[in-house]
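Taking it in order: structure first as structure tokens, then the write-up.
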Amino acid sequence: MADTAVELPGRLAILPFRNKVLLPGAIVRIRCTNPSSVKLVEQELWQREEKGLIGVLPVHDSEAAGSLLSPGVGSDSGEGGSKAPGGSAGESTKQDTKNGKETIHWHSRGVAARALHLSRGVEKPSGRVTYIVVLEGLCRFSVQELSARGSYHVARVSRLDMTKTELEHAEQDPDLIALSRQFKATAMELISVLEQKQKTVGRTKVLLETVPVYRLADIFVASFEISFEEQLSMLDSVDLKVRLSKATELVDRHLQSILVAEKITQKVEGQLSKSQKEFLLRQQMRAIKEELGDNDDDEDDVAALERKMQNAGMPANIWKHAQRELRRLRKMQPQQPGYSSSRTYLELLAELPWQKVSEERELDLRAAKESLDRDHYGLTKVKQRIIEYLAVRKLKPDARGPVLCFVGPPGVGKTSLASSIAKALNRKFIRISLGGVKDEADIRGHRRTYIGSMPGRLIDGLKRVSVSNPVMLLDEIDKTGSDVRGDPASALLEVLDPEQNKTFNDHYLNVPFDLSKVIFVATANRMQPIPPPLLDRMEVIELPGYTPEEKLKIAMKHLIPRVLEQHGLSSTYLQIPEAMVRIIIERYTREAGVRNLERNLAALARAAAVKVAEQDSALRLGKEIQPITTTLLDSRLADGGEVEMEVIPMGQDISNTYENPSPMIVDETMLEKVLGVRARAADLNLSPTSDINLLESRDIHIHFPAGAVPKDGPSAGVTLVTSLVSLFSHRKVRADTAMTGEMTLRGLVLPVGGVKDKVLAAHRYGIKRVILPERNMKDLAEVPAPILSGLEILLVKRIEEVLDHAFEGGCPLRPHSKL
């Protein structure tokens with residue numbers, strides 16, 4: 001409780017209280033996160049054994065109310081401080097901070113407070129320190145001068161509250177006695193009303209009987225929710241008569257608001273019967289709107305939703321179900337928890353394609369065959385089976401044909417074949433990825449009783465394409481799993497069965513949906529993981545992969561033109577002979593498909609794009625500027641470096657902009673420089689210029705046996721490279737050296753995990769030198785200091801540094817070479 005005899009020091013550290021006011025006798029909890037407030041609490045309260053007083057000064061967002069002052073920029077001694085003599089309520093000044101920062105509006109009056117409780121916390125992951133301070137207001141003061149002390153402010157203050165002698169004299173004033181009786185009577189009436197709802201008002205009665213009335217005014221008002229301006233008005237009410245008058249007005253207003261709320265409640269409860277108990281909240285909201293004169297509702301949106309549902313073409317039984325849900329929605333208020341989920345469900349019913357289909361044109365088998373031949377080279381048997389499938393669809397459009405499942409390695413064209421079927425049938429195409437799906441709800445949907453429920457992927461896909469007869473690709477059907485949440489493969493049995501999918505039941509939708517019009521096509525890499533019952537629903541068509549000759553034809557006919565177009569090039573600038581494509585297929589790609597082949601062709605196109613772009617820069621040079629004789633590409637190739645650059649495709653034909661009389665023709669030298677395969681052998685003295693080539697007719701294969709122990713391969717990258725260099729250069733690695741680190745194809749050494757365990761193991765085995773990635777330096781803090789003192793830690797960024805530390809006499813690189 002605030003004490004009239006509290007001794008107020010001449011200066012107080014000032015804690016800003018934004019848009020709020022602490023009144024004498026009130027207790028507040030303040031969370032300090034601002035650096036200046038944190039510094040004040042730390043220096044003035046946390047680090048002191050005897051906690052002194054601090055000043056709590058209101059801070060305005062605007063200068064609309066109350067008396068304002070501006071702090072000076074002087075030191076704690078007061079030099080350069082701004083003064084606010086007397087702190088009269090008519091003054092209005094502000095602090096406009098320098099360098100464009102926000103304007104701070106300080107109130108000229110505040111309350112001295114003492115700390116009842118302090119707690120300190122650290123936010124993660126930022127590490128920011130915060131304080132929570134529980135303060136009790138003691139007495140009012142006026143700011144005479146405000147100045148800075150470091151990052152926070154201090155003020156020279158003077159007390160505003162009366163002394164004990166002045167209070168004893170003022171209490172004899174008849175007007176003050178009358179105001180005190182009126183305030184106590186109003187406060188007692190409020191307490192009597194609150195007694196019916198709260199059990200803690202007994203303490204308030206004790207305060208009313210024991211605490212002086214001038215303190216009661218502040219305590220009562222502090223417990224109400226009033227505006228910031230009204231709080232400032234109470235703070236500025238130094239005169240006891242004015243303070244009691246304002247407090248009586250605020251207590252009476254709070255009392256009347258409670259009585260009005262009770263009147264509304266009684267009115268609503270009087271209209272309720274037993275069957276209407278469930279609508280209590282809705283009736284209360286209506287009564288409140290009547291009192292406010294606001295009868296607006298959400299009827300327009302609901303009516304629009306109903307019109308949308310009427311145009312959706314739902315079957316009769318589903319339309320009946322939707323109408324029942326719509327009536328339930330009309331009875332709810334938008335603020336109710338279930339309103340949003342019910343509306344989302346009805347919007348899904350309205351958006352699903354119950355009757356809408358893609359119009360199929362007359363099937364032309366000859367055109368379909370030409371399209372397949374144009375888009376896919378080879379795959380004769382596969383394309384013949386697709387033509388047979390289309391022929392049956394032409395003769396009997398409603399035939400329930402088999403579900404085709406294309407099985408083959410990646411990159412052989414499984415997905416594009418499904419897209420070709422949709423194109424031939426003039427139907428929309430949608431791809432549903434099943435890789436890694438382990439939850440049955442991904443297929444059947446979640447039940448609406450769960451929070452965040454949603455329909456399954458099939459229903460969601462149909463909503464996106466907005467037709468009920470698309471070609472739906474179930475991609476990677478062999479990569480579904482199962483756990484405690486169910487088995488997605490079992491849910492697909494109903495989807496792919498023509499006898500069952502016409503009444504497919506999604507758990508979220510909760511009404512049958514006809515999937516019989518959908519043409520399902522599945523893809524898989526292997527048949528073995530597919531459950532036998534699911535495999536029985538499909539006709540498997542195997543795509544074994546392409547032969548080298550087929551890859552060559554695909555590259556020349558499809559891949560090279562596409563890669564050149566994607567990189568803004570043409571055959572005028574880059575030519576890749578068949579012989580070079582054959583070398584890429586035989587030496588650089590070992591795959592069933594053509595994805596890696598396309599990536600390598602793209603690397604060559606990027607290298608050519610660099611040269612073309614540099615030639616453009618040279619053409620635009622002025623007469624006074626000497627052109628660069630060596631292009632970036634030529635210098636990189638001369639240094640044995642790799643060229644890899646992303647080029648954004650241009651919107652116009654590059655041939656209209658540049659004229660290149662000599663196109664770039666790919667040869668074996670360019671392949672080795674751009675694509676690598678032993679590209680560093682010469683730099684490492686592994687393929688010397690003499691007639692003896694250590695790598696001639698040799699391939700390298702490194703095998704890690706499982707041995708029932710999982711292996712983490714990347715962390716041994718630098719070790720493997722060092723071993724290979726030692727093997728082919730006939731040079732020994734230092735026996736006192738251990739190393740770890742992941743390495744990229746460009747020679748960068750990347751950080752790894754488990755540094756502490758690896759360093760401790762090296763120390764146990766007597767290793768003296770440890771090579772670590774430089775980005776693992778932070779992990780050395782976890783290693784005990786005695787261990788680190790006995791080791792030489794070598795931090796590296798690139799593989800050249802690793803080899804330089806690993807071999808006696810340094811890295812066996814040729815002079816001036818660069819990896």
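The values are calculated or read from the model by the stated rules, or taken from the named source; none is laboratory data. This is a predicted model, so every value here is computed, not measured. Please note: Cβ atoms are built from the backbone with ideal geometry, for glycine as well, and neighbour counts cover all protein chains shown. SASA here: full protein model, heavy atoms, side chains in, ligands and nucleic acids out. Shrake-Rupley method; radii C 1.70, N 1.55, O 1.52, S 1.80 Å.
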Inset, instruction - State in Å² the accessible area per residue of segment 365-542; use a 1.4 Å probe, count heavy atoms of protein chains only, and round to the nearest integer. - result: 45 Å²
Legend entry - Where segment 164-268 is the region considered: accessible area per residue in Å², 1.4 Å probe: 57 Å²
Inset, instruction - Over segment 365-542, with every protein chain in place, what whole percent of the accessible area is carbon and sulfur at 1.4 Å, could you tell me? - result: 51 percent
Legend entry - Ordering of 748-754, 392-398 by burial proxy (mean other Cβ atoms within 10 Å per residue, highest first): 748-754, 392-398
Inset, instruction - For the pairs Lys369/Lys551; Lys331/Lys463; Lys438/Lys502; Lys356/Lys423, note any where the Cα-Cα span goes beyond 23 Å. - result: Lys331/Lys463; Lys438/Lys502
Legend entry - Under-5 Å amide H pairs with Ala738, H placed in peptide plane, nonlocal only: Arg769, Val770, Ile771
Inset, instruction - Quick one: what are the phi-derived ³J(HN,Hα) couplings along segment 494-502, Karplus 6.51/-1.76/1.60 with θ = phi - 60°, whole Hz, x for glycine and proline? - result: 5, 5, 8, 8, x, 7, 10, 6, 6
Inset, instruction - Determine, for each peptide in 253-260, 150-157, the mean count of other beta carbons within 10 angstrom over its residues, then list the peptides with the highest first. - result: 150-157, 253-260
Inset, instruction - Report, by chain and number, residues whose modeled amide H sits under 5 Å from the one on Val796, excluding near sequence neighbours (fewer than 5 apart, same chain). - result: Leu772, Glu774
Inset, instruction - Determine the shape class of segment 120-254: with a ≥ b ≥ c the square roots of the Cα gyration tensor eigenvalues, call it rounded for a/c under 1.5, and otherwise prolate if a/b is greater than b/c, oblate otherwise. - result: oblate
Legend entry - Carbon + sulfur, % of accessible area of segment 164-268 - ligands and nucleic acids excluded, 1.4 Å: 53 percent
Inset, instruction - Mind ranking 10-22, 345-357 by how tightly packed they are, going by the mean number of other C-beta atoms within 10 angstrom, highest first? - result: 10-22, 345-357
Inset, instruction - Would you kindly derive the ³J(HN,Hα) couplings of segment 43-57 from the backbone phi angles with the Karplus curve 6.51 cos²θ - 1.76 cosθ + 1.60 (θ = phi - 60°), listing them in order in whole Hz, with x for Gly and Pro? - result: 7, 8, 10, 5, 8, 9, 5, 9, 6, x, 9, 10, x, 10, 10
